[in-house]
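Q: Next up is a structure, given as structure tokens.
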Amino acid sequence: MQRLPAGTWPSPITAASLVGGADEVGEVVVDGPRVWWAESRPDEGGRTAVLCWADGSVAEVTSPEANVRTRVHEYGGGAWWAADGVLYYVDDADQRLRRQRVGEPPVLLTPEPLQPKSLRYADGRVTPDGNWYVCVRERFIDHVVLNELVAIATDGSMNVHRIAGGADFYASPRVSPDGSQLVWVQWMHPSMPWDSTELWIADLFDGTTSNPRLLVGNGDEALQQPEWGDDGELYVVSDRSNWWNIYRVGSDVGIEVLEHHAGGDYEVVEPMWNFGGSGYAFGASGSEVHVVREPAADRLSIGAALPYTAISSLRMQGDDVVFLGASFQREGEVVRLSADASGAPSPEVLRSARTLPFATDFLPDPEFITFPTGIGAVAHALYYAPAHPSVALPDDELPPVLVFIHGGPTAAAGRAFAARRSHRFWTSRGIAVVDVDYRGSTRYGRAYRNLLREQWCVVDVEDAAAAVDFLVARGDVDGSRALIRGGSAGGTTTLLALSHTNRFAAGANYFGVTDLAALLSDEHKFESRYTVQLIGDWPEQADRYAERSPINHVDRLTTPLIVLQGLDDTVVPPAHSDRIVDAVRARGLPVAYLRFEGEGHGFRRAENMIRAMEAELWFYGQVLGFEPADDIEPVPLAGD
């Protein structure tokens, strides 16, 4: 075993090996005997293609020029659906909806808007007669954004009916099996879809609705993923019990949820940042299967022993279960679970994950930890110790630790291997990683999620430092060499952790919010009132906004900083990063700034993902005094 200082370990887990060929499988859709899925491809400029499996063979249905992506809510999801062998999808180039059969050219279904991309579509379903595609539409008129439900004729006539409007947001329009009813979820500012939503129903006939009425929604529950059973029964996920579980719903006006159907002290779904998620489904015989999202990992409710710790996009094909499965050693793959001759579940991989170009010795499972924080509180995290089959640290050296702060902030650390998160990039070089589920994260119930209400930029900062304190106390890491990184809301936490604690030696801010008041005026409707829940009313709590804005605490920064920003970001515009970099430079602190053309809120292109990862490693080497074994182009530093 070779002994080398942290950061200098030679590793086969390079940025290029992580990103190259890492076609990330997204949503999965079952359509009769066919199984469809989407693939995001960094090597092809980050575009998304849709493929179809049928009779053991796979065909890429969309053309090489297509990029299947919707910009509704800016985060998208639900950009496509398939029914009766027909694909319906939104192309990122113009945000218009198309219909396409395998081997045929696409047919446009929606008219060209007056302004480019000012009409956007998402989260659609086809009516049983095949005549209408019912979906969410986001409409931009000058500086006003309207969200509504529409029915789009599938015959190419450009006939579009507005069938619901007036609420601030809509999601999950789902047509009953007989085509006579439509249900959907809606909500109003300042709530987010994990705060308070309502379930509505209306009669549906020939692309029009009538008699809309509220079914469920008490103002203190978040409803998600309504689904119809084949028998016409209606189901929905609610967190009224603290946990997102499945309930059966009555169909009369104003009736409450009738019967708890499935679940327990765990979550079935995730926060609805994106459209198109599915945490449960019903089989042809009426059987029900759902995801059990426990703190450490996911599993299926049917008790099958499967090698997956992250399960999503769950569908049923007859009584077979189809889902996207991944683990801490494997990227996502499309799996179909059938019963063998003995009745035991038998998995079949329809689209396998790529074979990683390095040994599994580099990929041990992380440790799930719970640690004390704040005043009598606890938080959670995944701890990844350094791992290399032939290199170890000198006996007298503890590893540095890199704290990962997820975005959202109402999200969670990933429970699987992913090139974009790149934990193993660091651990294979002798740097420990702790991925923190700070108070407010999902997966732990509504009460834990609500601990972030009016406490964002306070408890998350406390928890980031407390995670390091816990690992230092156990003797796992060198607390004098603690680093922190985060993107979006995680970038905000990163900046405040650097300025408000003495715990970190340096940090990386990926497109973080630096001025919370400015965020209120940015043209991003979905999150434009999110800070009311996270911080407080505006302008009544203006002082609180100012106190928690990183831009107002640059005078307290004493550590180097690297900032990475997409120039096309409409969620957190580049001005946020520009201002913090200018302020840090004025302080004379070492700061690196990388700006990426053509990238939005999260990087999609292989060359930019590679550059960002390598630049961050090089930067930490400069701060902690190690020379990476990798050949990395230096990053310009100002203020040093």
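The values are calculated or read from the model by the stated rules, or taken from the named source; none is laboratory data. Given the structure is predicted, the values throughout are model-derived calculations rather than measurements. Don't worry about glycine lacking a Cβ; one is built from the backbone with ideal geometry, like all the others, and counts go over all protein chains shown. When the accessible area is computed, the model is the full protein with side chains, heavy atoms only, and any ligands, DNA or RNA have been set aside. Shrake-Rupley method; radii C 1.70, N 1.55, O 1.52, S 1.80 Å.
Results for (1) more than 27 Å from Gly21 (Cα to Cα); (2) in contact with an Asp or Glu (Cβ under 6 Å, 6 or more places away or on another chain); (3) modelled with pLDDT of 95 or more, shown as yes or no for each residue.
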position: Pro42; (1), (2), (3): no, no, no
position: Val50; (1), (2), (3): no, no, yes
position: Trp81; (1), (2), (3): no, no, yes
position: Arg96; (1), (2), (3): yes, no, yes
position: Pro111; (1), (2), (3): yes, no, yes
position: Gly124; (1), (2), (3): yes, no, yes
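Q: Another question about this same structure. Please verify whether Thr442 is part of a loop (DSSP other than H, G, I, E, B), at pLDDT below 95 and touching a Ser or Thr at 6+ places or on another chain (Cβ under 9 Å), treating the condition exactly as stated. I'd like the intermediate steps shown before the answer.
A: Numbers: part of a loop (DSSP other than H, G, I, E, B): yes; at pLDDT below 95: no; touching a Ser or Thr at 6+ places or on another chain (Cβ under 9 Å): yes.
No; evaluated as a whole, the condition is false for this residue.
Q: Let me ask you something else. Exactly one of (1) more than 27 Å from Glu527 (Cβ to Cβ); (2) among the β-branched types (Val, Ile, Thr); (3) touching an Asp or Glu at 6+ places or on another chain (Cβ under 6 Å) is unmet by Val102. Its number?
A: For Val102, the exception is condition (3).
Q: Residue under question is Pro539, and the condition is that it be within 15 Å of Val584 (Cβ to Cβ) and open to solvent by 20 Å² or more (accessible area, probe 1.4 Å); does it hold? Give the derivation first.
A: Working: within 15 Å of Val584 (Cβ to Cβ): no; open to solvent by 20 Å² or more (accessible area, probe 1.4 Å): yes.
For Pro539, the condition - within 15 Å of Val584 (Cβ to Cβ) and open to solvent by 20 Å² or more (accessible area, probe 1.4 Å) - is not met.
Q: Quick check: is even one residue across the stretch 296-311 under 19 Å from Trp36 (Cβ atoms), surrounded by 15 or more Cβ atoms within 10 Å (Cβ to Cβ) and of a type outside the set (D, E, K, R)?
A: First, the residues of the stretch 296-311 that are under 19 Å from Trp36 (Cβ atoms): 311.
Okay, now just the ones that are also surrounded by 15 or more Cβ atoms within 10 Å (Cβ to Cβ), so 311.
Subset that is of a type outside the set (D, E, K, R): 311.
Looking through the stretch 296-311, at least one residue is under 19 Å from Trp36 (Cβ atoms), surrounded by 15 or more Cβ atoms within 10 Å (Cβ to Cβ) and of a type outside the set (D, E, K, R).
Q: Now for a separate question. Just a yes or no: is a residue in the stretch 351-367 open to solvent by less than 20 Å² (accessible area, probe 1.4 Å), aliphatic (A, V, I, L, M) and assigned to a strand (DSSP E or B)?
A: No, every residue in the stretch 351-367 fails to be open to solvent by less than 20 Å² (accessible area, probe 1.4 Å), aliphatic (A, V, I, L, M) and assigned to a strand (DSSP E or B).
Q: Follow-up. Is it the case that Asp476 is out of contact with any strand residue (DSSP E or B) (no Cβ under 6 Å at 6 or more places or on another chain) and either open to solvent by 10 Å² or more (accessible area, probe 1.4 Å) or within 18 Å of Thr373 (Cα to Cα) (or both)? Write out each step before concluding.
A: Values: out of contact with any strand residue (DSSP E or B) (no Cβ under 6 Å at 6 or more places or on another chain): yes; either open to solvent by 10 Å² or more (accessible area, probe 1.4 Å) or within 18 Å of Thr373 (Cα to Cα) (or both): yes.
Criteria met by Asp476.
Q: Next question. When the residues of the stretch 277-293 are filtered to those that are part of a loop (DSSP other than H, G, I, E, B) and modelled with pLDDT under 95, which remaining residue is surrounded by the fewest Cβ atoms within 10 Å (Cβ to Cβ)?
A: Step one: filter the stretch 277-293 for residues part of a loop (DSSP other than H, G, I, E, B), giving 277-279, 283-287.
If we keep only those that are modelled with pLDDT under 95 as well, we get 283-287.
Details: Gly283: 16, Ala284: 11, Ser285: 9, Gly286: 11, Ser287: 12.
Filtering the stretch 277-293 for residues that are part of a loop (DSSP other than H, G, I, E, B) and modelled with pLDDT under 95, the one surrounded by the fewest Cβ atoms within 10 Å (Cβ to Cβ) comes out as Ser285.
Q: Can you list residue pairs whose Cβ atoms sit under 7 Å apart, with the first residue in the stretch 136-159 being surrounded by fewer than 17 Cβ atoms within 10 Å (Cβ to Cβ) and the second being of a type in the set (Asp, Glu) and part of a loop (DSSP other than H, G, I, E, B)? Count only pairs 6 or more apart in sequence or on different chains.
A: Close Cβ pairs (under 7 Å, with a partner that is of a type in the set (Asp, Glu) and part of a loop (DSSP other than H, G, I, E, B)) amount to His143/Glu523.
Q: In the stretch 296-322, how many are not in a strand (DSSP E or B) and not β-branched (Val, Ile, Thr)? Working first, answer last.
A: Filtering the stretch 296-322 for residues not in a strand (DSSP E or B) gives 296-297, 301-309, 318-319.
Cutting the leftovers down to not β-branched (Val, Ile, Thr) gives us 296-297, 301, 303-308, 318-319.
Final tally of qualifying residues: 11.
Q: Which condition from (1) within 23 Å of the chain's Cα centre (by Cα); (2) on the phi < 0 side of the Ramachandran plot; (3) acidic (Asp, Glu) is the one that Glu74 breaks?
A: (2)
Q: Moving on. When you check Val563 against the structure, is it open to solvent by less than 20 Å² (accessible area, probe 1.4 Å), at pLDDT below 90, within 20 Å of Ile484 (Cα to Cα) and under 27 Å from the mean Cα position of the chain (by Cα), yes or no?
A: So Val563 fails the test.
Q: If only one of Pro394, Pro389 is surrounded by fewer than 22 Cβ atoms within 10 Å (Cβ to Cβ), in contact with a helix residue (DSSP H, G or I) (Cβ under 7 Å, 6 or more places away or on another chain) and more than 26 Å from Gly512 (Cβ to Cβ), which one is it? Quick ask: steps written out before the conclusion?
A: On the way: Pro394 fails: in contact with a helix residue (DSSP H, G or I) (Cβ under 7 Å, 6 or more places away or on another chain).
Matching residue, one of Pro394, Pro389: Pro389.
Q: Additional query: Among the residues of the stretch 464-484, are any more than 24 Å from Ala296 (Cα to Cα), acidic (Asp, Glu), at pLDDT below 95 and not in a helix (DSSP H, G or I)?
A: No, the stretch 464-484 contains no residue that is more than 24 Å from Ala296 (Cα to Cα), acidic (Asp, Glu), at pLDDT below 95 and not in a helix (DSSP H, G or I).
Q: Further question on the same structure: Does Val35 satisfy being more than 17 Å from the chain's Cα centre (by Cα), farther than 21 Å from Ala419 by Cα and assigned to a strand (DSSP E or B)?
A: The answer is yes for Val35.
Q: For Glu331, only one of the following conditions fails: (1) open to solvent by 30 Å² or more (accessible area, probe 1.4 Å); (2) under 26 Å from Cys52 (Cα atoms); (3) in contact with a strand residue (DSSP E or B) (Cβ under 9 Å, 6 or more places away or on another chain). What is its number?
A: Answer for Glu331: the failing condition is (1).
Q: Among the residues of the stretch 397-414, what is the count of those that are surrounded by fewer than 19 Cβ atoms within 10 Å (Cβ to Cβ) and over 14 Å from Gly475 (Cα atoms)?
A: Qualifying residue count for the region: 1.
Q: Something else: If Gln533 meets every condition in (1) of a type outside the set (D, E, K, R); (2) at pLDDT below 95; (3) in contact with a Lys or Arg (Cβ under 6 Å, 6 or more places away or on another chain); (4) not in a helix (DSSP H, G or I) apart from one, which number is that one?
A: So the condition that Gln533 fails would be (4).
Q: Which residues, taken from the stretch 5-23, are open to solvent by 40 Å² or more (accessible area, probe 1.4 Å) and part of a loop (DSSP other than H, G, I, E, B)? Steps first, please.
A: So in the stretch 5-23, the residues open to solvent by 40 Å² or more (accessible area, probe 1.4 Å) come out as 5, 10, 12, 14, 16, 23.
Those that are open to solvent by 40 Å² or more (accessible area, probe 1.4 Å) and part of a loop (DSSP other than H, G, I, E, B): Pro5, Pro10, Pro12, Thr14, Asp23.
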